[in-house]
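Quick note: the coordinates plus some simple rules give every number you see, no bench work behind them. Every value quoted in this text rests on a predicted model; they were computed, and no experiment measured them. No Cβ is skipped: glycine too gets one built from the backbone with ideal geometry, and neighbour counts run over all protein chains shown.
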Amino acid sequence: MNEEALIPRPVRDSQSEMTEIVLPNDANPLVALLGGRLMHWIDLAGAMAAHRHSRSHVVTASVDHIDFLVPVRVGDLVILRSSVNRVFHTSMETGVKVFVENYIADTSQHVASAYLTFVAINRDGAHLRVPPVVPETDEQRRRYDDAGRRREIRRAELDRRRKAARHGSL
C-alpha cells in the first residue's frame, strides 16, 4: 500500500447511515423484529463505515455485547448509524447505534448499540494497514479513548479463552 493511502482521515469520512423497513419476513410470530436480522443489519452498517474509512475490503473479526432495549415491530423504520471509533494497525473498531422510528406515531427510540471489529484485507485475504482515524469532536474523542480500553478487555478475554481451551475447560 502506498504511503498516501495511509494519510489520517477524520471520523466524519466513515460515518454511514442505513434505513430498513421491518417487513413480515423480518419478524417472529409476535410480529417483532428478529434479533438475528437486527444483528445482520448491524454488521452491514459497521462494515459500511469500515469500508469507507479503509477504502478496502473488510471482514468482521468480532462483535461485542448487544442488548435489545425496546421491541421493533413490523412496519417500523430501523435507522442504523455507524462510524469508525479507532484504528489499530490492520483492524478498526466501528460503533453502530440503532434507532426505531414509528412514522405514524412520530416517535423515535434507541434500540441497541454495538461495537464491531473489522480487519482490512486485499483480494487474497492478506491483512492491509489502515489509515489512522482523527476524532474531531469531544464525543468522537471519548469513543476513541473508550475503544482503546475495549480492545484491552477483548484481548484479555481472548487470552483467557485460549488458556481455558488448552486446559479443556471454557
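For the pair HIS167 and HIS127, what calculated FRET efficiency results from E = 1/(1 + (r/R0)^6), where r is the Cβ-Cβ distance and R0 = 30 Å, to the nearest 0.05?
Computed FRET efficiency for HIS127 and HIS167: 0.50.
Enumerate the residues in segment 64-86 having an amide nitrogen under 16 Å from the point lying 7 Å beyond the Cα of ALA105 toward its Cβ. Flagged as within label range: 69-79.
Taking the C-alpha atoms only, the angle from helix 138-166 to the longest principal axis of the chain is near 80 degrees. Simple rule: put +1 on each Lys or Arg Cβ and -1 on each Asp or Glu Cβ in the chain, find the dipole, and look at HIS53, ALA126, HIS65; the Cα lying farthest toward the positive end is ALA126.
In segment 3-166, what % of DSSP beta bridges are antiparallel (nearest 5)? Antiparallel bridges: around 95 percent, rounded to the nearest 5. Seen against the Cα atoms of the chain and their longest principal axis, helix 35-54 is set at about 40 degrees. Here each label is just a point 7 Å from Cα along the line to Cβ, and for LEU44 and ARG73 those points are 2.4 nm apart. For the pair MET18 and LEU6 in one chain, pulling the backbone fully straight at 0.36 nm per residue adds 1.6 nm over the alpha carbon distance.
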